[in-house]
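The structure appears below as structure tokens.
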Amino acid sequence: MEVDNLLWLGPTLPVIGFLINGSLSLAGARSQNGPARGLSGFLAVLFPLVSFLLVLKLHFGLQDAQESVRTINENLGLNLALPQSFVQPLWSWIAAGDINLSFGFAFDGLTSVMLLFITGIGTLIHLYSIGYMAHDRGFARFMAYLNLFLANMIVLVLGDGPIVTFLGWEGVGLCSYLLIGFWHHENANGDAARKAFLVNRVGDLGFLLGLFVLWQIVGPSTPLTYEAIAAWFRDPAHASLLASGGVAALLTLSTLLLFLGCTGKSAQIPLLTWLPDAMAGPTPVSALIHAATMVTSGVFLLARMSDVFAHAPFTMHVIAWIGAATAVWAAVTGFVQTDIKKVLAYSTVSQLGFMFLAAGVGAFDSALFHVFTHAFFKAVLFLGAGSVIHALGGEQDMRKMGGLMKKLPITFAAMFAGWYAITGLPLGAGFWSKDMLLEKVLVQGGPVLYGVALATAAVTAVYMTRLMILTFWSPSRMDHDVAHHVHEAPIAMQVPLWILGVGSLVVGFAWAGMIPGFDWFPSQLSGVVGPAQALLSHGEHEGPSAILLASVGVGAAIVGIILAFVLFKSGAFRENSTAGLSSAARTWTLLFDGIHAVVGIWPVRLASWVLDNICQPLLMGTVRLFAYLVQLLGLLSQWLQRSRLRLNLSMSALGLLVILLILARDLL
């Protein structure tokens, strides 16, 4: 079988796992312990693992195809174009006149990069879940949901056009709802799931409307595939049309709406309030959905449609500044949290802000590289936090931790690797991606955005070091009973920690810009984002040397780390306090919840009250009044038509008299 005919297997395999584990869950619904953990766990890990191996086969198959064409060109002196993708059309949805909507998959360099870490890290998180959820009654159901989520995420990335992507986009939203509210017996978890679902619906509407407007621009004769859309925008014949006022305004509207969709899935201003609350779900959910996969969908969509966004300069400025503002706000918010998962949640929002900032200045490849490295170090941080919570019997307050470096050495080592990477210390994954991102922001976005990003990087080092101090490096503040039962996680949880910890230190070498030859990552993306980046460069000038900028970035990280220790020594972390967030910290944390309440929730509630207490009574009163009038007319008609002899004779005589008078007038 040709390798390009295997694309359909990517999402199908985890769907099979979902169906089997879902059936096992239903079959064991009446048993006390549910289905056998071993079988459910084995199947749940098996299908994502096979999907990962399939992605590897496709990745190397595409490289082999390109190498074959290069060899032909060299031997025969030809200039054949290198194959950039595998495409597998599956069926046609709508074919009417010029309209042709199809369903298919496409595998290119961007798809390869995304699916490698989505399926690879996804498999590790499935394995981790076997240990973390081992004693949960809904084990098989949880594994089924994870498989279903992974299938939808693969559809999202593998889709050959925005319509197919939107199906996966909606699918991961559904699975996010199911997984965040997995422990639905607690109302807070159900509320968090509904909040995530509803906030994302706002963004999804933006995605859909933006797509409709885009279709108006390219015309119904252009297939809604990424390849066709990119070709349309790269065609020089359309340059004058895109520069015209009406089309330019439509394109700005379309890209802003599409970006609104991105802010929903990737938790950016204004649709970022759902992600911190989503920590109500089990920790593997946080690692899979809110670190490595779903929340990166927005950045993926920007890169996939980079040719479209490159022609909308106003939207690009909006994206850059929204990303910068989100990064700053979330970094400060993460600093004041006491829940270890909430710190990592706001850290995720902040790091996503970095990615959008890079995309907004036209550095799509740098944004995706940070997506790639972030998937590793944030996944290991979340899974490490889950290991800590597991060891402490469910405790998540960092003020009740401390002294765990010796008690949980494996967990500490893994989280140390994640901390080292995210702070941007030399040679860690974050060092390469963050400093390259900062360099592109300075050169293409200017010193103001660079200053904001650099300051945020320093704050990142502060709050992440605070997390490590309160959890591992400070004296123990655990209760005696809790401390006595602290233990390392089972092997199923340790193996993913080892792999992701090592990955957090080495995956940055996929694009070590300062080392010649370490450029695998940008070579994978050049066919997708290269033309858009070339259009946006406008002959960009060289900035300061990469070594100088890297030194500044490392300096900011070191300053942040030192500052964290100084604050700890001064008692600013209030690690012995049991009080909740201060009023200022709470106000800052709930800033956008308050804005949502004023802009969205309160007006809707007011409109609902008016409709319920004013409009509905008026409407019902009007209906009843009309009914009473009809009833009255009916009674009057009934009274008039009663068979009363005297009345009938009188009316007949009156009628006859009227007729005679008329006739007499005519005769006279």
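The values are calculated or read from the model by the stated rules, or taken from the named source; none is laboratory data. Bear in mind that the values here come from a model prediction, so they are computed numbers and not experimental data. Here the Cβ positions follow ideal geometry from the backbone for every residue, glycine too, while neighbour counts run over all protein chains shown. Calculation scope for accessible area: heavy atoms of the full protein, side chains included, ligands and nucleic acids excluded. Shrake-Rupley method; radii C 1.70, N 1.55, O 1.52, S 1.80 Å.
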Of the listed residues (Ala287, Ala303, Ala330), the one being in a helix (DSSP H, G or I), within 25 Å of Ala458 (Cβ to Cβ) and in contact (Cβ under 8 Å) with a residue 40 or more places away in the chain is Ala330
For segment 188-206, name all the residues that are open to solvent by less than 10 Å² (accessible area, probe 1.4 Å) and either hydrophobic (A, V, I, L, M, F, W, C) or without any contact (Cβ under 8 Å) to a residue 60 or more places away in the chain (or both).
-> Ala192, Ala193, Ala196, Gly206
Taking Arg37 as the residue in question, decide whether it is surrounded by fewer than 16 Cβ atoms within 10 Å (Cβ to Cβ) and basic (Lys, Arg).
-> no
Determine if segment 340-361 includes at least one residue that is over 14 Å from Met464 (Cα atoms) and not in a helix (DSSP H, G or I).
-> yes
Check whether at least one residue in segment 48-68 is open to solvent by 60 Å² or more (accessible area, probe 1.4 Å), outside any helix (DSSP H, G or I), within 26 Å of Ala230 (Cα to Cα) and not aliphatic (A, V, I, L, M), and report yes or no.
-> no
Listed by first then second residue, the pairs whose first member lies in segment 1-29 and is under 14 Å from Leu150 (Cβ atoms) and open to solvent by 60 Å² or more (accessible area, probe 1.4 Å), whose partner is of a type in the set (Phe, Trp, Tyr) and in a helix (DSSP H, G or I), with beta carbons under 8 Å and at least 6 positions apart or on separate chains, are Ile16/Phe47
Answer from Ile410, Ile389 - the residue that is open to solvent by 20 Å² or more (accessible area, probe 1.4 Å), touching an Asp or Glu at 6+ places or on another chain (Cβ under 8 Å) and among the β-branched types (Val, Ile, Thr) = Ile410
Taking first residues from segment 209-227 that are within 11 Å of Pro162 (Cα to Cα) and in a loop (DSSP other than H, G, I, E, B) and second residues anywhere that are of a type in the set (Phe, Trp, Tyr) and modelled with pLDDT of 90 or more, the pairs with Cβ under 8 Å that are 6 or more apart or on different chains are Leu224/Trp215
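Residues are listed down the side, and each one gets a yes or a no for (1) touching a helix residue (DSSP H, G or I) at 6+ places or on another chain (Cβ under 8 Å); (2) touching a residue at least 60 places away in the same chain (Cβ under 8 Å); (3) crowded, with 24+ Cβ neighbours inside 10 Å; (4) more than 27 Å from Ala230 (Cβ to Cβ):
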site: Thr119; (1), (2), (3), (4): yes, yes, yes, no
site: Ala140; (1), (2), (3), (4): yes, yes, yes, yes
site: Asn147; (1), (2), (3), (4): yes, yes, yes, yes
site: Ala151; (1), (2), (3), (4): yes, yes, yes, no
site: Thr165; (1), (2), (3), (4): yes, yes, no, no
site: Glu170; (1), (2), (3), (4): yes, no, no, no
Identify, from the list Val554, Val502, the residue that is under 26 Å from Lys407 (Cβ atoms), part of a helix (DSSP H, G or I) and within 33 Å of the chain's Cα centre (by Cα).
-> Val502
Those residues of segment 312-336 which are crowded, with 20+ Cβ neighbours inside 10 Å and either touching a Cys at 6+ places or on another chain (Cβ under 7 Å) or of a type in the set (A, V, I, L, M) (or both) amount to Ala312, Met316, Ile319, Ala320, Ile322, Ala324, Ala327, Ala330, Ala331
Selection within segment 371-384 - under 19 Å from Phe416 (Cα atoms), within 21 Å of the chain's Cα centre (by Cα) and open to solvent by less than 10 Å² (accessible area, probe 1.4 Å) = Thr373, His374, Ala375, Phe377, Lys378, Ala379, Val380, Leu381, Phe382, Leu383
Segment 419-435 residues that are free of Cβ contacts under 8 Å to residues at least 60 places away in the same chain and under 20 Å from Gly353 (Cβ atoms), paired with ones that are assigned to a helix (DSSP H, G or I) and open to solvent by less than 10 Å² (accessible area, probe 1.4 Å) (beta carbon under 7 Å, 6 or more apart) | Trp419/Met464; Trp419/Met468
Would you mind telling me which numbered condition in (1) more than 26 Å from Gly394 (Cα to Cα); (2) open to solvent by less than 10 Å² (accessible area, probe 1.4 Å); (3) in contact with a His (Cβ under 9 Å, 6 or more places away or on another chain) Val443 fails?
-> (2)
Does Phe107 satisfy being more than 25 Å from the chain's Cα centre (by Cα), part of a strand (DSSP E or B) and surrounded by 20 or more Cβ atoms within 10 Å (Cβ to Cβ)?
-> no
From (1) open to solvent by 10 Å² or more (accessible area, probe 1.4 Å); (2) closer than 17 Å to Trp169 by Cβ, pick out the condition that doesn't hold for Gln268.
-> (1)
State yes or no: is Thr123 surrounded by fewer than 16 Cβ atoms within 10 Å (Cβ to Cβ), in a helix (DSSP H, G or I) and of a type in the set (Ser, Thr, Tyr)?
-> no
Could you count how many residues in segment 574-619 are of a type in the set (D, E, K, R), exposed (fewer than 13 other Cβ atoms within 10 Å of the Cβ) and not in a loop (DSSP other than H, G, I, E, B)?
-> 3
Could you give every pair whose Cβ atoms fall below 9 Å, whose first residue belongs to segment 500-528 and is under 19 Å from Ser306 (Cβ atoms) and small (Gly, Ala, Ser), and whose second residue is outside any helix (DSSP H, G or I) and open to solvent by less than 40 Å² (accessible area, probe 1.4 Å), counting only separations of at least 6 or pairs across chains?
-> Gly527/Asp108
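Residues in segment 518-538: is at least one under 23 Å from Lys400 (Cβ atoms) and either assigned to a loop (DSSP other than H, G, I, E, B) or among the acidic types (Asp, Glu) (or both)? Show your work before the answer.
To start, the set of residues in segment 518-538 that are under 23 Å from Lys400 (Cβ atoms) comprises none.
Checked segment 518-538: no residue is under 23 Å from Lys400 (Cβ atoms) and either assigned to a loop (DSSP other than H, G, I, E, B) or among the acidic types (Asp, Glu) (or both).
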